[in-house]
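Following: one structure in structure tokens, then a few remarks.
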Amino acid sequence: MSSIKPIKVGIIGGSGLDNPDILDDRKEKTVTTPFGDPSDSLIIGTINGVNCVLLPRHGRNHSYTPSLINFRANIWALKQEGCTHVVATTACGSLQENIHPGEIVLIDDFLDRTTKRVQTFYDGTSPDHTGVCHVPMSEPFCPRLRSILASSIKALSYPFHERGTMITIEGPRFSTRAESRVWRQWRGDVINMSTVPEVVLAKEAGLLYASLALVTDYDSWRDDHEAVHVEMAVKTFKENSSKAVKVLQNAIPKIAEENWDETIQKSLDIARMSIM
């Protein structure tokens, strides 16, 4: 049974997956938020009849470095547009032998190595967001949403990993070999520059969030492979983005078939009760 409350899925497209053609009946909408402008206009449309909103994380022309993305405006723009769920896509590097380029990782945890990013809506800059928010992060990614994405990936027979820990670095540079080897010792599985603070802000906003991490390279730790560089990462991600599109086309109708009322309310309650 579907939800009484309307479902709308926000899609945050990473490098190579920001093509509006994924949506039917699409229209462009320019918005602003209490936290400034998002990375680009919102593309509003449907996937198999389900209402969706696409937002390219870096802008359609890849205008913003990871550190300069207005993550707060991006997440709030999706929330104020009525999104209940967010599925993000991200390019990432593998930190482990058993995770190979071309595979998908449904990350379930993260390690934060960013240094310059605002990670809360509650910093005194918005009169509508007063107090301090101590949002719990023991379960940053929505398990129900991850389960549906996993079933879709299995149905499409794509190689993937049902869980993994993402290390998010500040960037925009890639890791040194020494850093990459440290991340491995910390038991990180994959590495990128965008999961934090995106997932944190989604939790503060009460949105159900999951991420499709598409592996493009082995970062910098392997002596027997070329160290990651931008041409390699973007090329591989674009080649694999068709997988993410098919996963979204398969999963989003399944999301709409389920009743999410209780899960959505619990997420909103957690966000509300985290404010002091």
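The values are calculated or read from the model by the stated rules, or taken from the named source; none is laboratory data. No experiment lies behind these values; they were computed from the predicted model shown. For neighbour counting, all protein chains shown are included, and Cβ atoms are generated from backbone atoms with ideal geometry for every residue, glycine included. These accessible areas exclude ligands, DNA and RNA; they are computed on the full protein's heavy atoms, side chains included. Shrake-Rupley method; radii C 1.70, N 1.55, O 1.52, S 1.80 Å.
Partner lysines whose Cα lies under 23 Å from the Cα of Lys238, excluding those fewer than 8 positions away in the same chain, are identified as Lys154, Lys246.
Just the protein heavy atoms count here, and of the accessible area of the chain at 1.4 Å, carbon and sulfur take up 50 percent.
Shown here: the chain, whose C-alpha atoms stretch 53, 42, 33 Å along the first, second and third principal axes, sorted largest to smallest.
Return the inverse of the average 1/r over all pairs of distinct C-alpha atoms in region 54-105, which is the Kirkwood hydrodynamic radius, in Å to one decimal.
On the way: mean 1/r = 0.0753 Å⁻¹.
Hydrodynamic radius (Kirkwood, Cα pairs) of region 54-105 is 13.3 Å.
Hydrodynamic estimate: the Kirkwood radius of region 49-136 over Cα pairs, inserted into Stokes-Einstein at 25 °C and 0.890 mPa s, corresponds to D of 152 µm²/s. Over the residues of the chain, the helix contribution to mean residue ellipticity at 222 nm works out to -9500 deg cm²/dmol, using -39500 (n - 2.57) for each DSSP H run of at least 4. The length gained on full extension between Asn98 and Val132, counted as 0.36 nm times the residue separation minus their Cα-Cα distance, comes to 8.2 nm.
The distance separating the Cα centre of region 106-173 from that of region 25-51 comes to 21 Å.
Residue pairs exceeding 24 angstrom between C-alpha atoms, taken from Lys79/Lys243; Lys8/Lys243; Lys8/Lys235: Lys79/Lys243; Lys8/Lys235. When each of the peptides 198-209, 24-35, 70-81, 39-50 is scored by the mean number of other C-beta atoms lying within 10 Å of its residues, the order from highest to lowest reads 198-209, 70-81, 39-50, 24-35.
Would you mind telling me which residue in His85, His62, His225 has the biggest mean-square fluctuation in a Gaussian network model of the chain, where springs connect alpha carbons within a distance under 10 angstrom? Maximum among the listed residues: His225.
Shape verdict for region 156-212, please, from the Cα gyration tensor: rounded (a/c under 1.5), prolate (a/b greater than b/c) or oblate. Before the final figure, lay out the partial values.
Numbers: a/c = 2.25, a/b = 1.28, b/c = 1.76.
Since a/c reaches 1.5 but b/c is at least a/b, the shape of region 156-212 is classed as oblate.
Along each principal axis, taking the top coordinate minus the bottom one, the Cα set of region 151-276 gives 49, 41, 22 Å in descending order.
Remark: spin-label model distance Ser67-Thr115 equals 0.8 nm, labels positioned 7 Å along the Cα→Cβ axis.
Using the 1.4 Å probe convention, the accessible area of region 92-231 works out to 43 Å² per residue with neighbouring protein chains retained.
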